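The values are calculated or read from the model by the stated rules, or taken from the named source; none is laboratory data. Predicted, not measured: the structure shown is a model, and the values here were computed from it. Glycine also receives a Cβ, built like all others from the backbone with ideal geometry; neighbour counts cover every protein chain displayed.
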Amino acid sequence: MSRLFDTHAHVNFNAFREDADEVLRRAIDGGIFVVNVGSQLSTSRRAVEYAKKYSGQGVYAAIGLHPIQLKKRSFEHRDDENDWELPVTEIKTIGETFDFEAYLGLARDPLVVAIGEVGLDYHHFEDGDDIPALKDEQKRVLREFVCLANEVGKPMMIHCWDAYDDLFELFDETSPDKRGIIHSFIGSHKTAKKFLELGWNLGVNGIATYSDSYDRLIREVPLERIVIETDCPYLAPFPHKGERNEPLLVRLVAEKIAAVKGVRFDEVTLVTTKNARDMFGLRG
Ligand SMILES: [Zn+2]
């Protein structure tokens, strides 16, 4: 039987501080491959630690500095901004200064399969922010990460929210050699097409199960260009919406894709896992 591949999980985050090992054990026992994704230096290090601890059992790491981590702040997160009944969690960011050498050291580890999550996020600016300066800083760091990814020859895992035009422009100037994934893709059909033409794969997660808003997109993007993810602890798929997410629930994302595309669940598993393994350069 083929195995599911959760290409974007954060079991390395504090939401799993008490039971990360149990959660990873459940994923491994459920036959699920997992990439734990760092969003700052500390969580990137933890992602690599888990990959080493469970090496040979399908647990890998991605390392990166999320654009919102560049400024220290605190904001309220709700998995679906249109659903006011959902619980609110507070996310605190640290205002990290990018250290190229530290990330490069981590990136060279063979268990690190991608550079991310990195990217641009113009969604979380607040009143009083120096927005042009923050945008410039996000772009500067992303360019450095493109260079870093090219240096180690690994694909990128991109977070992009309300910043697609700037992302395309930046990739025009500083091109990643290995395209990788536009994670948690929520853009338009037109934007999706452009990413596909440029060689990127799209990451689909629990958001696709909240409504039929993304059904058309899922129908039109070839399965060969889709990878699945949980983005846990966030974005638990329906009917677990609002609960803490975990890699085991990636199955519900695959089921939604199968239903929308009218193909068998096994085919979704087989193809999306192959996509992920090919992209991450995993064999066997
Ligand atoms: Zn994430």
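Values for this structure:
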item: From the options 46, 73, 78, residue that is over 21 Å from residue 153 (Cβ atoms), among the charged types (D, E, K, R) and free of Cβ contacts under 8 Å to residues at least 12 places away in the same chain; result: 78
item: Members of segment 2-18 that are in a strand (DSSP E or B) and away from the ligand (no atom under 16 Å from the Cβ); result: none
item: Top-ranked residue in segment 44-65 [being of a type in the set (Gly, Ala, Ser) and part of a helix (DSSP H, G or I); ranked as surrounded by the most Cβ atoms within 10 Å (Cβ to Cβ)]; result: 47
item: Inter-residue pairs, beta-carbon under 8 Å, first closer than 19 Å to residue 38 by Cβ and in segment 145-165, second crowded, with 19+ Cβ neighbours inside 10 Å and polar (S, T, N, Q), 6+ apart; result: 157/7; 159/184
item: Long-range neighbours under 8 Å by Cβ, at least six apart or interchain, first residue assigned to a helix (DSSP H, G or I) and among the basic types (Lys, Arg) within segment 23-38, second crowded, with 23+ Cβ neighbours inside 10 Å and modelled with pLDDT of 95 or more; result: 26/246; 26/247
item: Criterion violated by residue 79 - all others in (1) of a type in the set (Asp, Glu); (2) in contact with a Phe, Trp or Tyr (Cβ under 8 Å, 6 or more places away or on another chain); (3) more than 16 Å from the ligand (Cβ to nearest atom) satisfied; result: (3)
item: Spans of strands (runs of 3 or more DSSP E) in segment 137-249 with at least 1 residues more than 16 Å from the ligand (Cβ to nearest atom) and not acidic (Asp, Glu); result: 226-228
item: Per-region count, segment 34-53, residues touching a helix residue (DSSP H, G or I) at 6+ places or on another chain (Cβ under 7 Å) and over 12 Å from residue 63 (Cα atoms); result: 2
item: Criterion (out of contact with any strand residue (DSSP E or B) (no Cβ under 9 Å at 6 or more places or on another chain) and in contact (Cβ under 8 Å) with a residue 60 or more places away in the chain) met by exactly one of 83, 127; result: 83
item: Members of segment 93-113 found to be hydrophobic (A, V, I, L, M, F, W, C) and under 20 Å from the mean Cα position of the chain (by Cα), listed by number; result: 94, 98, 104, 106, 107, 111, 112, 113
item: Test: residue 68 is in a helix (DSSP H, G or I) and within 16 Å of the ligand (Cβ to nearest atom); result: yes
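Residue by residue, here is whether (1) among the aliphatic types (A, V, I, L, M); (2) in contact with a Phe, Trp or Tyr (Cβ under 7 Å, 6 or more places away or on another chain) holds:
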{"residue": "125", "(1), (2)": "no, no"}
{"residue": "148", "(1), (2)": "yes, yes"}
{"residue": "163", "(1), (2)": "yes, yes"}
{"residue": "167", "(1), (2)": "yes, no"}
{"residue": "183", "(1), (2)": "no, no"}
{"residue": "192", "(1), (2)": "yes, yes"}
